[in-house]
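Asks: Please read through the structure below; I'll follow up with questions.
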Amino acid sequence: MAQTLSSRRQWRRELSVLLAQSATPATLSPAPCASCWPNLHLNFLFIHLPFLANSVALFYNFGKSWKSDPGIIKATEEQKKKTIVELAETGSLDLSIFCSTCLIRKPVRSKHCGVCNRCIAKFDHHCPWVGNCVGAGNHRYFMGYLFFLLFMICWMIYGCISYWGLHCETTYTKDGFWTYITQIATCSPWMFWMFLNSVFHFMWVAVLLMCQMYQISCLGITTNERMNARRYKHFKVTTTSIESPFNHGCVRNIIDFFEFRCCGLFRPVIVDWTRQYTIEYDQISGSGYQLV
């Protein structure tokens, strides 16, 4: 019993020493402590809480991009045989609409992925970073992944700059830019490397996100369709533009792609691209887009 009480007292003494060592002069003084609380709340509200929310959204969208079905076109053996017979009888056994690997009739906007060895509906591209194809089933999650990844990189850059301001002695106004770079690099080489790495990834992620948004909103096409537009008969390609039958205007393209509803204000067009074999589908009635 005496040993137990002694160990508890020893533990309490060690804990009090650790707390005393970790406390700053501002926290030991009652007056400064009161003034610190608003700053702590503001930091939590505007920095830590958004960072946590962004992290959760980032990993969620990454997981969905990685593990979700991108739009794999499936068929039973009986369906494959039936498709081959039907296409052969009508003289339509064309490789542009028939996949000789999967032995299926390819829906419009689909493509056989050479990496995954399967046909993907509304195929955009195969992304090695998420280890999956990007298609009709996970394209929205991929866009969310890029968006929140870009914000995460911005937080990394902000953290590096904040660290230099708090822990590094610099003379930028006196000695100029190159001396400042030397000072922050020698102050913390690891932090300087993190900054350079973050800036590099910021550039290509930002370019990829802008390119994807441009294709989705302004062109109404996928990456695969943009790269191979001349192979598809339903695209009108000139030296300066690509006319897509799937382009219905910037606002409508965005609403349809992200399936925005805004509490019933919008009704996006929902198309099952795993079963859509023509470029014609209802844009008005049923699940059509409209402003309510």
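The values are calculated or read from the model by the stated rules, or taken from the named source; none is laboratory data. These figures come from a predicted structure and were not determined experimentally. Here Cβ is always computed from backbone atoms with ideal geometry, including for glycine, and neighbour counts include all displayed protein chains.
Asks: Just checking, how many residues over the range 188-212 are without any contact (Cβ under 8 Å) to a residue 40 or more places away in the chain and hydrophobic (A, V, I, L, M, F, W, C)?
Replies: Adding up the residues that qualify gives 13.
Asks: Can you tell me which residue among 148, 123 is within 14 Å of the chain's Cα centre (by Cα), on the phi < 0 side of the Ramachandran plot and of a type in the set (Phe, Trp, Tyr)?
Replies: Being within 14 Å of the chain's Cα centre (by Cα), on the phi < 0 side of the Ramachandran plot and of a type in the set (Phe, Trp, Tyr) holds for just one of 148, 123, which is 148.
Asks: Which number in (1) farther than 23 Å from residue 151 by Cα; (2) within 14 Å of the chain's Cα centre (by Cα); (3) surrounded by fewer than 16 Cβ atoms within 10 Å (Cβ to Cβ); (4) of a type outside the set (A, V, I, L, M, F, W, C) marks the one condition that residue 135 misses?
Replies: Result: residue 135 fails condition (3) only.
Asks: Quick one: count up the residues across the range 160-187 that are surrounded by 14 or more Cβ atoms within 10 Å (Cβ to Cβ) and in contact (Cβ under 8 Å) with a residue 12 or more places away in the chain.
Replies: Total satisfying the criteria: 8.
Asks: A follow-up question, please. Mind checking which residues of the range 157-206 are among the polar types (S, T, N, Q) and not in a helix (DSSP H, G or I)?
Replies: Matches in the range 157-206: 170, 171, 188.
Asks: For the structure I just gave you, tell me whether residue 215 is of a type in the set (S, T, N, Q), outside any loop (DSSP other than H, G, I, E, B) and out of contact with any Phe, Trp or Tyr (no Cβ under 9 Å at 6 or more places or on another chain).
Replies: Yes.
Asks: Of the residues that make up the range 135-146, is at least one among the basic types (Lys, Arg) and either within 20 Å of residue 55 (Cα to Cα) or modelled with pLDDT of 95 or more (or both)?
Replies: Yes, that holds for at least one residue.
Asks: Please find, among 153, 161, the residue that is within 30 Å of residue 198 (Cα to Cα), aliphatic (A, V, I, L, M) and under 23 Å from the mean Cα position of the chain (by Cα).
Replies: One residue alone meets the criteria, 153.
Asks: Hey, among 224, 253, 197, 228, which residue is surrounded by fewer than 16 Cβ atoms within 10 Å (Cβ to Cβ), of a type outside the set (A, V, I, L, M) and more than 28 Å from residue 50 (Cα to Cα)?
Replies: So the residue among 224, 253, 197, 228 that is surrounded by fewer than 16 Cβ atoms within 10 Å (Cβ to Cβ), of a type outside the set (A, V, I, L, M) and more than 28 Å from residue 50 (Cα to Cα) is 228.
Asks: For the condition β-branched (Val, Ile, Thr), out of contact with any helix residue (DSSP H, G or I) (no Cβ under 7 Å at 6 or more places or on another chain) and closer than 30 Å to residue 109 by Cα, what is the one hit in 207, 130, 134?
Replies: 207
Asks: If you take the residues of the range 77-99 that are more than 29 Å from residue 142 (Cα to Cα) and of a type in the set (Ser, Thr, Tyr), which of them is surrounded by the most Cβ atoms within 10 Å (Cβ to Cβ)?
Replies: 83
Asks: Pairs under 9 Å by beta carbon, first residue modelled with pLDDT of 95 or more in the range 214-243, partner surrounded by fewer than 14 Cβ atoms within 10 Å (Cβ to Cβ) and of a type in the set (A, V, I, L, M), six or more apart or different chains?
Replies: Close Cβ pairs satisfying both conditions: 217/251.
Asks: Filter the range 268-292 down to residues that are of a type in the set (S, T, N, Q) and at pLDDT 50 or above and give me whichever is farthest from the chain's Cα centre (by Cα).
Replies: Looking at residues that are of a type in the set (S, T, N, Q) and at pLDDT 50 or above, I get 278.
Asks: I want to confirm something. Restricting to the range 100-120 and keeping residues that are among the β-branched types (Val, Ile, Thr) and loosely packed, with under 15 Cβ neighbours inside 10 Å, which single residue is farthest from the chain's Cα centre (by Cα)?
Replies: In this case the residue turns out to be 101.
Asks: Let me ask something else. Hey, does the range 233-254 have a residue that's under 19 Å from residue 136 (Cβ atoms), within 18 Å of the chain's Cα centre (by Cα) and not small (Gly, Ala, Ser)?
Replies: Yes: the range 233-254 contains one or more residues that are under 19 Å from residue 136 (Cβ atoms), within 18 Å of the chain's Cα centre (by Cα) and not small (Gly, Ala, Ser).
Asks: Right, another one. How many residues are of a type in the set (D, E, K, R) and modelled with pLDDT under 85 when one looks only at the range 165-186?
Replies: Counting residues in the range 165-186 that are of a type in the set (D, E, K, R) and modelled with pLDDT under 85 gives 2.
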